[in-house]
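Undergrad: Structure in structure tokens, see below.
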Amino acid sequence: MNVLFLSKEYPPETGWGGIGTYVYNIAHALSERGHTIHIVSLAYNSYPTHKEQRVGKGSIHIHRIRPIRFPTPILNHFFFRSLEIIKFNITIILKIKKLLNSEKFDIIEAPEWRSEAFLLSFIKPKGVPLVIKCHSPSVLLNEVYKNAPTLDSRFVDWIERTTIRNANLVISPSKNLADIVSEKMGIKINDIDIIPNPLDTEFFSPIPISYKEKNELKVLFVGRLDRLKGAHIFVEAIPIISKEMPDTSFILIGRDTNTGPNNSSMRTYLENLIPNNIKERVSFFGNVERDILIDYYRGSDVCVVPSFYENFPNTVLEAMSCGKAVVASNTGGIPEVIEDAISGLLVKTGDAKDLAEKVIMLLKKRDMRENIGINARKRIESLYSKASVSKNVEEVYAEICRLKAKK
């Protein structure tokens with residue numbers, strides 16, 4: 001198959017979050033199975049480029065584009081995000097038109113969030129199915145963040161809803177998100193295929209590392225320093241954990257955001273929450289490269305994911321695949337991945353005390369955390385490996401192509 005992915009996010013240049021990670025993983029998985037993959041993504045700090053790489057039996061072509069620019073000063077004031085979407089959509093349409101001069105695509109896939117395929121959903125190339133992969137629609141995120149609705153946000157919601165309704169196939173990584181999309185977007189739950197996100201289990205593997213100091217315990221948080229990710233809940237739990245386990249170190253990896261009080265730096269806010277007597281045991285890092293991140297996972301004893309909502313968090317998959325005990329909020333799609341007390345521990349969302357108690361229990365009980373880590377690794381290998389998920393995606397793609405050809 002010749003598959004085209006549309007995604008602003010794609011590492012390393014624009015590997016900002018979960019969408020970019022998903023596209024990277026599924027693109028590589030499908031290429032390894034012999035498919036040709038094209039990715040149209042944002043050129044953030046560079047001029048438009050085209051890069052080709054061989055991966056397995058197939059190939060990946062990365063096309064970086066810059067959004068078309070035209071002055072809209074008055075509209076920008078009321079519809080900033082909507083106009084960003086439209087401008088990028090116009091650029092995508094122009095790029096696809098050029099690609100179609102030399103390529104025949106079998107499938108086009110794009111995320112629902114910020115809808116890179118909005119305009120394309122009205123003028124799809126003849127015979128090419130459009131697949132929309134759900135991550136977290138803006139209407140859901142605005143509810144979680146408790147953002148007041150605006151003209152701009154309502155228009156973005158309409159764009160995303162329209163794109164989903166115009167798609168030939170909708171895929172969700174979790175049952176929880178599928179239910180939300182069905183309710184918010186007005187489509188039947190039976191019209192949504194549930195396929196989890198894939199993970200490179202060979203890369204994220206539980207190989208012990210040599211630099212771990214004897215008797216030192218480490219608790220790891222990976223994610224944006226953001227209220228949605230619950231970074232402040234983890235930091236509030238640190239003094240409780242440290243009181244019981246004083247030799248424990250705490251590591252936070254992820255970029256800063258302006259979700260602190262009055263839109264201030266979240267990192268600064270978190271640093272000020274930490275008591276002076278334990279500040280030296282808490283380390284903050286920004287985004288780190290994938291090759292470095294793996295060492296942090298392997299060097300940790302417990303990983304925490306105290307998010308207020310997650311549809312299907314890569315952090316949970318990555319930590320579990322590295323054989324680590326994960327303590328995560330009982331929210332969104334997380335309970336579909338973690339079997340409580342078997343392959344991880346679930347805690348009350350937003351409850352720093354509950355988080356601290358579960359982490360302390362794992363730090364004190366080495367056998368328990370190691371058994372949970374072993375079960376976690378087995379679960380990820382059996383359900384979420386690149387090989388198994390990409391085979392499922394391949395079958396769904398083939399079926400939608402067959403149905404499209406009949407019409």
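Undergrad: Could you run the Karplus curve 6.51 cos²θ - 1.76 cosθ + 1.60 with θ = phi - 60° over segment 221-227 and give me ³J(HN,Hα) per residue in whole Hz, x for Gly and Pro?
TA: Residue by residue, segment 221-227 yields 10, 10, x, 4, 7, 8, 5 Hz.
Undergrad: Further question on the same structure: What does the net charge come to around A356 if you take all other residues with beta carbon closer than 11 Å to its beta carbon, with K and R at +1 and D and E at -1?
TA: Result for the local shell: -2.
Undergrad: Pairs K104/K133; K57/K229; K51/K386; K175/K218: which exceed 27 Å Cα-Cα?
TA: The pairs that break the limit, which is 27 Å between Cα atoms, are K57/K229; K175/K218.
Undergrad: For segment 1-126, what mean projected area does the convex hull of the alpha carbons give, in nm²?
TA: Approximately 8.0 nm², given one-decimal rounding.
Undergrad: Tally Lys and Arg at +1 and Asp and Glu at -1 over the other residues with C-beta under 9 Å from the C-beta of A110: what net charge comes out?
TA: Counting the neighbours of A110, the net charge comes to -2.
Undergrad: Which value at 222 nm does the chain reach when only helices count, each DSSP H run of 4 or more adding -39,500 (n - 2.57), with the total divided by all residues and rounded to the nearest 500 deg cm²/dmol?
TA: So the helix-based figure for the chain works out to -13500 deg cm²/dmol.
Undergrad: Please work out the ratio of the alpha-carbon Rg of segment 112-213 to 2.2 N^0.38 Å and round it to two decimals.
TA: Against the empirical 2.2 N^0.38 Å value, I get 1.38 for segment 112-213.
Undergrad: With angles folded into 0 to 90 degrees, how steeply does helix 352-364 sit against the dominant principal axis of the chain? Use alpha carbons for both and round to 10.
TA: With rounding to tens, the tilt is 70 degrees.
Undergrad: Which one is right for this structure if percent of Cα pairs over 29 Å apart is calculated from it: (1) 48; (2) 61; (3) 45?
TA: (3)
Undergrad: Return the Cα extents of segment 217-383 along principal axes one, two and three, sorted largest first, each rounded to a whole Å.
TA: Extents along the principal axes: 43, 32, 32 Å.
Undergrad: Here's something else I'd like to know. How fast does segment 174-305 diffuse by Stokes-Einstein, in µm²/s, taking the Kirkwood radius from C-alpha pairs at 4 °C and 1.567 mPa s?
TA: Answer from the Stokes-Einstein relation: 76 µm²/s.
We did not get these values from a lab; they are worked out from the coordinates using the rules stated. None of the values given here were measured: they were computed from a predicted structure. Note: ideal-geometry Cβ built from the backbone for every residue, glycine included; neighbour counts use all protein chains shown.
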